[in-house]
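Asker: This structure is in structure tokens; I'll ask about it shortly.
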Amino acid sequence: MNKFTLICSLIFYLLILTGCWDNVEIEERAFVYGLAIDRTEESKSNSEIELTEQLIVPEQFASTGSGGGGSGPAFRNLTASGETIFDVNREMFKQASRTTDPTHLLLVLFSEELAKEPKRLEQLLDVFLREKDMRRGINIAITSGKASELLTVVPEHEKVPAQYISKLLEQKKNLEIINVVKIGDIQNKLLDNVSFPLPLLKTMNPTVIDYEGIAIYNAQKDQIVGTLKGDYAKGLSFMSGKKHTGTINIEVDQEKATVELTEIKSSFSLINDDPNNLHISVNVEVEGTIAEQLGTDDVLDREVLQQFNRALEKEIEKLTKGTLTILQNDLQTDAIGLGSYLFQHHPKLWKSVKVDWETGEKYFTQSRIDVIANATVNRPGSIIRTTNN
């Protein structure tokens, strides 16, 4: 064998060995689609957690059709307890009989009970931010009740509960929800020491999951400090200017009407920069259409349409005022993003108040925050009124 042939042979063998020596075949992998993290029921006084992993069953998942399709479920759940997520996951290798693979992980659910413990959410997120196989686009949500219960729901139109929940989080046709929150988003908030909202989910029945409201995370206390539900959740959406649509009920001439919102924009303005007498204006601009009208007013009449505009503005200002009362007095948490606004547009002022924004002097709770709504009903719908009465 000449020298050239020997070198070529060595290169060939090296290429083969480099590609295969530590490779795990796909048949030996257990793909994780969802995770649920709860407190252990047996020992609530210590730091133990209960981890539930949702693994897909490839044979059933790949079958045609939605919501089942094969002869068995397209997923299976494994549960174990321990001190850290990494250790529990290692323990699950024995149950899975395969190497668990998180590269397709869609979402992580934390129980509200666990997330209310100081520093627990930040601590438990560490492995997702540190592990090289984790994606920054993983969805995060808080659950009312046990997080693992949501992974047992059998949806009608999806094969895997984690897939169903992820799609639920991404829908935007409801004012009581917030934009989907990713692990990468939370990392940025934690690094900036900024408070933020999270979606709060609940199990309705064995086949349905719905929004319970919005959970509020206080960055200074490192924990979930409370929730916003119903109209209070809507108020936060208006002030945050989220790209959501939805409906809102108003009253014109003592008759009810429903307006479908098509666009929401919000902006902040600093009126008074005295730290002891801060005054901030939240400007909310909305556009919408009349979805339902119980009265008989002619909405093609300009003056009648202006009444609808004013009624919508009044309702928005009422909702946001209620939300601000809870955030400033009860939760004492800036979930609106006013601190971020001051940091970006008034850095000198922010530097003087940021340490005492939510703690100490608590400038956020003392600030005067006014909401000014500007509403426009663009078109009244396909009819003027139902009857001529």
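Asker: Largest first, how would LYS159, LYS116 line up by accessible area (1.4 Å probe)? Kindly include the intermediate steps, with their values, before the conclusion.
Answerer: Values: LYS159 25, LYS116 90 Å².
Highest to lowest solvent-accessible surface, that is LYS116, LYS159.
Asker: May I pose another question? Given the convex hull of the Cα atoms of region 277-333, what is a quarter of its surface area in nm²?
Answerer: Working: hull surface 23.4 nm².
Seen from a random direction, the Cα hull of region 277-333 projects 5.8 nm² on average.
Asker: Within region 83-166, which GluC sites (Glu not before Pro) sit in a loop by DSSP and count at most 15 neighbouring Cβ atoms inside 10 Å? Walk me through the intermediate numbers first.
Answerer: Values: sites: GLU83, GLU91, GLU112, GLU113, GLU122, GLU131, GLU149, GLU156, GLU158; in loops: GLU83, GLU131, GLU156, GLU158.
Those satisfying the criteria are GLU83, GLU131, GLU156.
Asker: Something else about it: Expressed as cubic angstrom per residue, what is the convex hull volume of the alpha carbon set of region 24-228? Walk me through the numbers before you get to the answer.
Answerer: Values: hull volume 24.7 nm³, N = 205.
Cα convex hull per residue, to the nearest whole number: 121 Å³.
Asker: Which whole-Hz ³J(HN,Hα) couplings does region 296-308 yield from phi under the Karplus relation 6.51 cos²θ - 1.76 cosθ + 1.60, θ = phi - 60°, glycine and proline marked x?
Answerer: 10, 5, 7, 6, 7, 6, 4, 5, 5, 5, 5, 5, 5
Asker: Which order do you get for ASP38, ASP370, ASP192, ASP231 if you rank them by accessible area with a 1.4 Å probe, largest at the top?
Answerer: Numbers: ASP38 5, ASP370 50, ASP192 105, ASP231 80 Å².
These residues rank, largest area first, as ASP192, ASP231, ASP370, ASP38.
Asker: Ignoring ligands, DNA and RNA, what percent of the accessible area of region 24-228 is carbon or sulfur (1.4 Å)?
Answerer: Details: 4440 of 9220 Å².
Percent of accessible area from carbon and sulfur atoms in region 24-228: 48.
Asker: Roughly what would the spin-label model give for ASP301 and ASN174, points 7 Å off Cα along C-beta, in nm?
Answerer: 3.8 nm
Asker: Which order do you get for TRP350, TRP357 if you rank them by accessible area with a 1.4 Å probe, largest at the top? Numbers along the way, then the final one.
Answerer: On the way: TRP350 40, TRP357 10 Å².
Reading off the accessible areas and sorting them downward yields TRP350, TRP357.
Asker: Provide the three semi-axes, in whole Å and in decreasing order, of the ellipsoid equivalent to region 274-389 as defined by the square roots of 5 times the Cα gyration tensor eigenvalues.
Answerer: Values: eigenvalues 328, 36, 20 Å².
Each semi-axis is √(5λ); the values are 40, 13, 10 Å.
Asker: Let me ask you something else. I'd like the carbon and sulfur percentage of the solvent accessible area for region 230-389, probe radius 1.4 Å, heavy atoms only, ligands and nucleic acids excluded.
Answerer: On the way: 3660 of 8580 Å².
C and S fraction of accessible area: 43 percent.
The values are calculated or read from the model by the stated rules, or taken from the named source; none is laboratory data. Keep in mind the model is a prediction, meaning the values are calculated, not measured. Cβ sites come from the backbone with ideal geometry, for glycine too, and all protein chains shown count toward neighbours. The protein model used for the area step is the full one, side chains on, heavy atoms only, and it has no ligands, DNA or RNA in it. Shrake-Rupley method; radii C 1.70, N 1.55, O 1.52, S 1.80 Å.
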